[in-house]
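So the structure is just underneath, and the comments pick up after that.
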Amino acid sequence: MFSAFNDIVKNMAEKILVVEDELALQETLAYNLKKEGYQVETIGNGRYALESARKMKPDLIVLDIMLPEMDGFEVARILRKEMSTAILMLTARDDEIDRVVGLEVGADDYLTKPFSMRELIARVKAQLRRTRLLREEMSKSVEPVKHETLAFENLTIDLTRHEVTLNGKPVQLKPKEYELLLFFAEHRRQMLSREFILERVWGWDYIGDSRTVDVHVRWLRQKIEADAAEPKRIVTVRGGGYRFEG
């Protein structure tokens, strides 16, 4: 009876893949995450991490940058094309370039070594909490007949299906890109500071900086602007933030 109950709890637990080649840190991370009730698998090789992620389909990936065979940047870039799993990157350096590249390849957050286990657990919980909220939102039942939309000339946001089209063709957006675009659309022609956007779209408990907003705005511009280098829809307000013109 207890065995069956434990199996049910294990199946309900959120799954975390730890990709770290330093064995002592790998074991420490696994131990502390399991103490929090998560299912944890570990791997110390970048190429094998791809196979593990595809098979495991984790709720979160804790991903080191420096790995054998394939670095964490390349692992994140490949996985981001295949799945929307949250990625928390670990870097041994505090270089801004590491953080920027990590965000550009699709990481949701980053943490610089050395770090406290309390901080890592806090970031893990924050990422998983956002993942749960997004899944709950997407799973809400909606009326199939009625579709609420927001239209801006050749750009349309289908609020019912969470779909975006440009010139009648679907635009492939990541979940956070869609949330950001919808937030802009709901505040059309308002100047929005990076800090305000970060708080409202990523959540007040997000542990990161406004560079995250800039990266996601750049991605959006590449997908919905006629010329991303000369944006007309999402314009930069010097010294302020961004304004969505529609």
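Read the figures in this text as sums done on the coordinates, not as results from a lab. These numbers come from a predicted model, not from an experiment. Here Cβ is always computed from backbone atoms with ideal geometry, including for glycine, and neighbour counts include all displayed protein chains.
Key figures for this structure:
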| read-out | value |
| --- | --- |
| Using θ = phi - 60° and Karplus 6.51 cos²θ - 1.76 cosθ + 1.60, couplings along segment 24-40 (whole Hz; Gly, Pro as x) | 4, 5, 4, 5, 5, 4, 4, 4, 6, 6, 5, 4, 7, x, 8, 7, 10 |
| Residues 152, 244, sorted so that the one with the fewest Cβ neighbours within 10 Å comes first | 152, 244 |
| Cut-off under 5 Å, modelled amide H: who pairs with residue 171 long-range | 164, 165, 166 |
| Share, in percent, of DSSP beta bridges within the chain that are antiparallel, nearest 5 | 50 |
| Sorted by Cβ density within 10 Å, fewest first, the residues 47, 238, 189 | 238, 189, 47 |
| Under-5 Å amide H pairs with residue 159, H placed in peptide plane, nonlocal only | 148, 149, 150 |
| Choice from 174, 81, 57 showing the highest fluctuation, given a GNM over the chain with Cα pairs closer than 10 Å | 81 |
| Prolate/oblate/rounded label for segment 23-73 (Cα gyration tensor, a/c 1.5) | oblate |
| Isotropic mean projected area of the C-alpha convex hull, segment 142-246 (nm²) | 7.0 |
| Proxy reagent accessibility, fewest Cβ within 10 Å first, across 116, 210 | 116, 210 |
| Positive-end residue, the chain charge dipole about Cα centroid, Cβ charges, pick of 18, 165, 68 | 165 |
| Size of electric dipole in segment 153-223: Cβ of Lys, Arg +1 and of Asp, Glu -1, about Cα centre, debye, nearest 20 | 280 |
| Pairs of Cα atoms farther than 21 Å apart, the chain, % | 61 |
| Cut-off under 5 Å, modelled amide H: who pairs with residue 70 long-range | 46, 47 |
